[in-house]
Amino acid sequence: MWVGKYYLTTPIYYVNAQPHLGHAYTTIVGDALARWHRLLGDDVYFLTGTDEHGLKIQQAADAAGTSPQAFTDSIAPLFQKAWERLNISNNDFIRTTEPRHRVGVQKLLQACFDAGDIELDKYSGLYCVACEAYFTEDDLDNNLCPIHKRPVEHVEEENYFFRLSRFEQRLIDWYSSHPGAVVPEHRVNEVIGFIKQGLQDFSVSRKTLTWGIPLPFDESHVAYVWFDALANYITAIGYGSDDAKFNEWWPVNHHLIGKDIIRFHNVYWPAMLMSAGIEPPKGWAVGGWLLVGGEKMSKTSGNVVNPLDLVDEFGVDGFRYYVLSDTTYGNDGDFTYEGLVSRYNSDLANNLGNLAARVATVVGKKCNGVGTAPDPNSPLAEHARTAVADTIAQWEIVQPSRALEATWGLIRATNAHLENNEPWKAEAGPLVDTVMGDALEALRIVTLLAFPAIPDTAREIWRRIGMTTDIESCRIPADVQWGQYPVGSPVEKGDPLFPRRTLA
Ligand code: MSP
């Protein structure tokens, strides 16, 4: 059997703050996508991690009265624990303070230096520490950083520069010969527009900072944190430490990123790779922000939402389903507690939860608790075919909300099929058996399609309808074809999967 490789990354998160809703959102999208690809039969490598060097972290450690190493050692595990709690199935977690990362970053710096694309130069400019990036006067918004609305610092240094300006044409040519590399598609115009404005060389080293990776060709400088951070995508898979593994996984299939870090990922990063003689990524999936009350979360606005509080209240799958379904990937979304309660109640309690409970109750009462056979020509079979095709197509272009919408279409059709036939009112017999066989089969298909979003619940429904195979060993599309429900399996009711919530 042919096995595809699928290498997927999230951004690596700054450890100056604890994991919040925005980090959780990006990571959950990554996890669902990774799980989806495993169901497709791909060999998946799903990477996440933490970005631990640079001035911002140094300053956070100073403010906490501790060393940067001790500081990062205390925060990085909070991300690891949060992802465990959210059922994130990452294959690896990279910290940029690890030795495997250091050797890889140094190798990359040396390769760009040897290619003649890194040179010593003088620079003076305006720096935003929160962004860890330089701006020109024109970029500023009332003299403030356009992203953080905070004052920028005037910095004058002798630094090593990456000659980004040399890559304009190569980048434009690359993007025009790789259509579809960036999804959603409109984002690529932003990238091209940025490149066409003219690219400035950027500094890749800092002399005034010690919290970073020394340049291999001049140890009096440390690497600029973005050069260091971007390299995680190759150092984690062995660049500089394990060539065979690196060749097995690179180029990456999708970098999941937020819209705020496009410039780094779609301009700097491919240019750095081209300079070092490494192939650019195959794809980027750019997400919007999950806003809270219409604003980006920040400590100063006091609107930071801790995802783990929501997990305590709505369950891991309730929370995962909400973030995946409520926002169209690529657009901004707005988190509200009311929105979460309402989506949880309508889609999970009333639709999926109700379907599972109903099916088990009626099979219990009218079919002796034993699963019956679906009709090969049931009208639901056609619904299932459409739902499967649409779900596959939407995951393919990294649109989880639309994929789930397609899957939920089959749940709604199945509930409607039951309401039209009212098997709970009918006499036990062949008619009821067929209606319930149809419902069981639709539920089986839906459960497998929904697994990447709500893995624990999907496993539980799978078990309750009498499936004995391991759900993760199933394959899409082979196992979501109509007519495979194992007739005669015991069906169990169990507790409500998603108890209804009322607004607190
Ligand atoms: N450390 C850099 C990324 C380096 S990747 C080589 C960084 N870290 S971050 O922690 O500030 O943000 C990481 C990602 O989380 C970004 O893609 C950002 O868009 C995303 N989010 C941060 N807040 C967010 C929301 N409120 N909503 C959605 N995503 C958000 O940038």
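Each value in this text was obtained by applying a stated rule to the coordinates, not by laboratory testing. Since we're looking at a predicted model, the values are computed, not measured. When we count neighbours, we look across all protein chains shown, and the Cβ atoms used for this are built from the backbone with ideal geometry, even at glycine.
Just a few scattered comments:
- Debye intensity ratio I(q)/I(0), log10, segment 90-205, q values 0.10, 0.14, 0.15, 0.22 Å⁻¹ (C-alpha model): -0.44, -0.88, -1.00, -1.23
- Spherically averaged projected area in nm², based on the convex hull that wraps the Cα atoms of segment 337-480: 8.7
- Length gained on full extension, Ala70 to Gln110, computed as 0.36 nm times the residue gap minus the Cα-Cα distance: 11.5 nm.
- According to the calculation over all Cα-Cα pairs in the chain, the P(r) per 20 Å bin from zero is 22, 50, 23, 6, 0 %.
- Cβ-defined net charge surrounding Asp375, 14 Å radius [Lys, Arg +1; Asp, Glu -1]: -4
- Electrostatic dipole magnitude of segment 401-504 [Cβ: Lys, Arg +1; Asp, Glu -1; Cα centre; debye, to 20]: 300
- Sum of -39500 (n - 2.57) over DSSP H runs of 4+, divided by residues of the chain (222 nm, nearest 500): -13500 deg cm²/dmol
- Judged by the mean number of other Cβ atoms found within 10 Å, the most tightly packed of the peptides 350-357, 31-38 leads the ranking 31-38, 350-357.
- Applying both filters, DSSP loop and at most 15 other Cβ atoms within 10 Å, to the trypsin sites (Lys or Arg not before Pro) of segment 353-438 gives Lys425.
- Computed from Cα positions, the angle between helix 379-396 and the longest principal axis of the chain comes to roughly 10 degrees.
- Segment 238-397 shape via C-alpha gyration tensor axes, a/c threshold 1.5: oblate
- Label point distance in nm, Lys493-Arg343, each placed 7 Å from Cα along Cα→Cβ: 3.1
- Relative to the current alpha-carbon distance between Tyr123 and Glu295, full extension at 0.36 nm per residue lengthens the span by 58.5 nm.
- Charge tally for Glu338 (other residues, Cβ to Cβ under 12 Å; Lys, Arg +1; Asp, Glu -1): 0.
- Only alpha carbons enter this Debye calculation for segment 182-268, each as an equal point scatterer, and the log10 of I(q)/I(0) it gives at q = 0.11, 0.20 Å⁻¹ is -0.42, -1.08.
- Peptides ranked, highest mean first, by Cβ atoms within 10 Å: ranges 481-488, 192-199, 127-134: 127-134, 481-488, 192-199
- Computed lengthening from Lys365 to Asn142, 0.36 nm per intervening residue step minus Cα-Cα distance: 73.3 nm
- Too-long pairs where the Cα-Cα distance tops 32 Å, listed order kept, from Lys122/Lys296; Lys81/Lys245; Lys259/Lys299; Lys5/Lys149: Lys122/Lys296; Lys5/Lys149
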